Amino acid sequence: MNISLHSDILNHPIPLSFGVIYYENIVVADSPQMLKGRLRLFQESLFFDLQEKPVTEFEGIKEWRSLFKSLGKDPNRYRPSVESLFRRIKKQHYMESQHSAVDLNNFFSLQYQSPIGLYDQKSIQGNVSIRLGADAETYEGLNGRMNGLHHLLVTADELGPFGSPFVDSVRTAVTTNTTHAFQMIYLRPGLPKDEQSKLTESLMNMFLQIHGGTGTFEILTNQY
């Protein structure tokens, strides 16, 4: 599987970078108590921060809202997935444990203030492109709705889009049956280059510590 940036991303005036991690022979199961505890404590700490600071004033969320707007999407209607998580926590609607892969994804998304997608490789057909969604493109999302993808940043294979920093699709969701996956960190536009690899590698190492298997990563960027 090859992942590449479409010309509409390569030519976009805003710096865009993506941390891509490939996993093989992983075991997804119930989260260890350590991860459950860290996710819960982080949400509780963030709740108190959100009493003093509006969601939209967090730097990562501010950057992603600005990017959505530059792509032609109203960030008040189409919120970056990490903003939706923050808003849940502000209402004390804390995320309950689902399984080890989703829990870790949510933890790092909150910590990095960045959308992070996790996709089952066996559900993906052919090569993958990161591009802008076309007018008529839709998919069934993990939010339980059919989502229009026009002007959204999307990750797509030969069958069409399956991922986005707005919401991911049901089609490629990781389950406890997943053994091969890839993770997409939609990196904050303002994150310095030397931090992009550090952040991506840190997430990979934590994921492998919990799930076993092997992993490799790369950074895709239009910053040349």
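The values are calculated or read from the model by the stated rules, or taken from the named source; none is laboratory data. It should be emphasised that the depicted structure is a prediction, and the values quoted were computed from it without experimental measurement. Counting neighbours? That spans all protein chains shown, and the Cβs are built from the backbone with ideal geometry, glycine included. Ligands, DNA and RNA are excluded from the accessible area calculation, which covers all protein heavy atoms including side chains. Shrake-Rupley method; radii C 1.70, N 1.55, O 1.52, S 1.80 Å.
Some values worked out for this structure:
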read-out	value
Among (1) farther than 14 Å from Val20 by Cα; (2) in contact with a Ser or Thr (Cβ under 9 Å, 6 or more places away or on another chain) - the single one Thr179 does not satisfy	(2)
Tally of residues being open to solvent by 30 Å² or more (accessible area, probe 1.4 Å), in a loop (DSSP other than H, G, I, E, B) and touching a strand residue (DSSP E or B) at 6+ places or on another chain (Cβ under 9 Å) across region 13-50	2
Residue within region 71-94 that is modelled with pLDDT under 95 and assigned to a helix (DSSP H, G or I) present	yes
For Leu110: the one exception among (1) modelled with pLDDT of 95 or more; (2) out of contact with any helix residue (DSSP H, G or I) (no Cβ under 7 Å at 6 or more places or on another chain)	(2)
Complete set of residues in region 52-98 that are of a type in the set (Asp, Glu) and open to solvent by 20 Å² or more (accessible area, probe 1.4 Å)	Glu52, Glu57, Glu59, Glu63, Asp74, Glu96
Any hit, region 68-88, residues being in contact with a Ser or Thr (Cβ under 9 Å, 6 or more places away or on another chain), free of Cβ contacts under 8 Å to residues at least 40 places away in the same chain and hydroxyl-bearing (Ser, Thr, Tyr)	no
Meets criteria (over 22 Å from Phe58 (Cβ atoms), surrounded by fewer than 20 Cβ atoms within 10 Å (Cβ to Cβ) and in contact with a Lys or Arg (Cβ under 8 Å, 6 or more places away or on another chain)) for Gln223	yes
Enumerated strands (runs of 3 or more DSSP E) restricted to region 99-147, each holding at least 3 residues that are buried (at least 17 other Cβ atoms within 10 Å of the Cβ)	116-120, 128-132
Conditions (1) without any contact (Cβ under 8 Å) to a residue 24 or more places away in the chain; (2) surrounded by 18 or more Cβ atoms within 10 Å (Cβ to Cβ): number failed by Ile185	(1)
Residue within region 153-171 that is surrounded by 17 or more Cβ atoms within 10 Å (Cβ to Cβ), over 27 Å from Pro15 (Cα atoms) and among the β-branched types (Val, Ile, Thr) present	no
